[in-house]
Structures are given as C-alpha cells and as structure tokens.
1. In the stretch 380-413, how many are crowded, with 19+ Cβ neighbours inside 10 Å and part of a loop (DSSP other than H, G, I, E, B)?
2. Scan 178, 247, 221 and give me the residue that is crowded, with 19+ Cβ neighbours inside 10 Å, in contact with a helix residue (DSSP H, G or I) (Cβ under 6 Å, 6 or more places away or on another chain) and closer than 26 Å to residue 360 by Cα.
3. May I ask you to say which residue of 53, 80, 105 is buried (at least 24 other Cβ atoms within 10 Å of the Cβ) and in a helix (DSSP H, G or I)?
4. If I go through the stretch 187-207 residue by residue, how many of them are part of a helix (DSSP H, G or I) and modelled with pLDDT under 90?
5. Here are some residues: 240, 210. Which one is buried (at least 21 other Cβ atoms within 10 Å of the Cβ) and at pLDDT 85 or above?
6. Among (1) surrounded by fewer than 24 Cβ atoms within 10 Å (Cβ to Cβ); (2) closer than 17 Å to residue 32 by Cβ, there is one condition residue 313 misses while meeting the rest; what is its number?
C-alpha cells in the first residue's frame, strides 16, 4: 500500500475535485500526472533498496540492510530538492504543454506548485518502505501510510468545500499527508540507531542500481505524459475521463504491486541465502497470485462500470468518454497482475538490465506509436487505452519467457 500512496492521494482528490466541474478535473489530470513522475522516482528508490536490503538480510546482516535504507534516504532528499525546485520554476510551461488549453493550464500549474511541497515526504516514505520491506517488516509501512491517507481523505473535502479553497485545497491536503508519512518513516530509521551519515560507496552502488530503474521509469513516464497530452487534445471531457480511468488504473497497478514488493523481499532473501531453487519456486507461485489478483480486479471494474466513474464526476460527457476506456482498463488487469508480480521477482533478483531494455522496447515499439496513431486517426480514449493494453501484453510475453529460463536466479549478496 505504501507504493499506492500517491495514486491513492490523487484518487481521493479526483473524487472530490471531480464534482467542482470539468475544468478543475482536467487541471487535476495534468497536475496529477506530473506529480506521478515524482512518485515513480520514489518507487525506483524503493525497488532498488528492497532488493539490496533483502539480500543483506538473507545473508544474516540486518545492520547492512538498514544501512541501505540510510543511503536511500539521502538519495531521496537530494532528488526531492531537485524536483521541487524544477516544478516551482517550470510548473507553468509544463502545464501549458500538457493541458491543450489555457483554461486548464492555469489551475493545473497552481495545483502543482502547492502539491509539489509534499515531494520530500513522498520520496522519504518510499525509501523507508524499501528498507523496511527488505528486513521483512510488513507491519509498519501500511500503518504509516494508512494514517496519512486517512488524514488526507478527511482534509481534502474539508479544505476544498468547507474552507472554500477549491482545487487548491486538494493540493494542500496532499502535501500535508505526504509530509506526515515521510516523517514517520524517518523516525523508524533513526530508531535503528545506525550511522546516518552519507556513505559514498553505498551511494554509488545504489546509483548503479537506480540507473537502470530510472531509464526504465523514464520509458513509463514518457508513455504516461504522452497519453495525457493526447487526451488533452481530444477536449476537456476526454482529459477528465482519462484522469478518472488513469488514476484508478494507477491505484490498481500499485495495489497489485504489493505482490511485487513481497516478491522482491522474498526472492532477494532466498538468493542472498544461496537458495536458487526456492527463488524459482517463489517466482511461479507469485505469478499465479498476480494472475488471480488481476482477474479479481477485472471483475470488480467491469461490474462497477455504471457506478465507479460517477463517483468522480456528474458530467454526462465525461462519463461517456470514460466508457470508451473502460473495456481496455478492465480487460488488461489479469495480464497486468502477472506482469507486476514478475517485475518484483526480477527486481528482487537484480535482473535490472533486462527489465530496462524490455520496458524501453515496449514503449518505443508499442505504446508510443499506438497512442500517437490514435491521435492522428482521431480514435479518442479507446485508442489511447488500446495502446496501454499493448504495452502490458508485450511485457507479459517477454517476462514469461525470461523467468522460464531461470538465468535470472543468481545467488549471493549484492
């Protein structure tokens, strides 16, 4: 649930802001996808930290595992500072490029500047989640993030409607909740009583791991930003509908990623303990769990087609546009469940170069051509979401082939 934090924050915002009207919802779509970029970099830090910490923990060294968390937190702070400054300076041009209209761009930039203040807390929370999962602590991260989410869920409608802040109120609630969650994870790290100073050797090692994950993440973000830009050029209703479907998809993806996080920790610990047989058996079981979870999500999404979008908007045209994306959104869930599960297996095993190359190839050869073709042929949201389904399918086929070979199961500490 920790990695689902940012989509969950924005999902709550979508439900509240959607009833302010089409323009605020479209503005949230633009701001949300940019803030999602920060969330993704947090996920990169968490993924890299979990695998390395789990291998140390599996080899019997909790202190070394926690040390990975210290260095990940320093990386999180440095990245947060860079992203915060960049967004505060460039929010206007970014929003103008993605929104497709000045009517949406102005509110989107204002929302983004406020919400960006929560980025340091967000990245510290994901770094904390990485090392805690690596040492097999599965209790504290959900408690920390649940507290922050409850606070955000309570503050958002209060500030948007009660205090009359409108769209800006959701950004304030978002930033407060992220800051609180980051503080809780920092407190957990300090309580370990390990040295907190930066360690250049470990930082360099994490940066090497992060390099492949960042390149992989850049491919994802190029896809998601392009999809938002194309949706914006189909009009405000299409952009608002894309916001609803995309935030629900992001939330489902990162809830399903709970399976991937478990896979990273368990597979990393097994390989750290030099048990490749156990790691391969875990991969098979985790893939089956991902399939079942994805199928369950598909059933819920299809059954809720008449209800879920209306929780986020009262605009009939926005709802009609959302229904163009809905079959693709629901239909890809079983495949996505397996993909996310195997992501965790291969990240836990340190097979990052393969994942990097696969993601970039699927983006350049599948998703990006499909959505820009959808724009050229005026296929609307259905075309955009067909491209996303193709992206998932390409990755599914390649990852099943990779895990079937067993070459990824390399034993030993990092």
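1. Residues flagged as crowded, with 19+ Cβ neighbours inside 10 Å and part of a loop (DSSP other than H, G, I, E, B) within the stretch 380-413 amount to 2.
2. Step by step, each of 178, 247, 221 is checked, and only 247 is crowded, with 19+ Cβ neighbours inside 10 Å, in contact with a helix residue (DSSP H, G or I) (Cβ under 6 Å, 6 or more places away or on another chain) and closer than 26 Å to residue 360 by Cα.
3. Checking each option against the conditions leaves just 53.
4. Qualifying residue count for the region: 8.
5. 240
6. So residue 313 meets the others, but not (1).
The values are calculated or read from the model by the stated rules, or taken from the named source; none is laboratory data. Remember, it's a predicted structure, so these values are computed and weren't measured experimentally. When we count neighbours, we look across all protein chains shown, and the Cβ atoms used for this are built from the backbone with ideal geometry, even at glycine.
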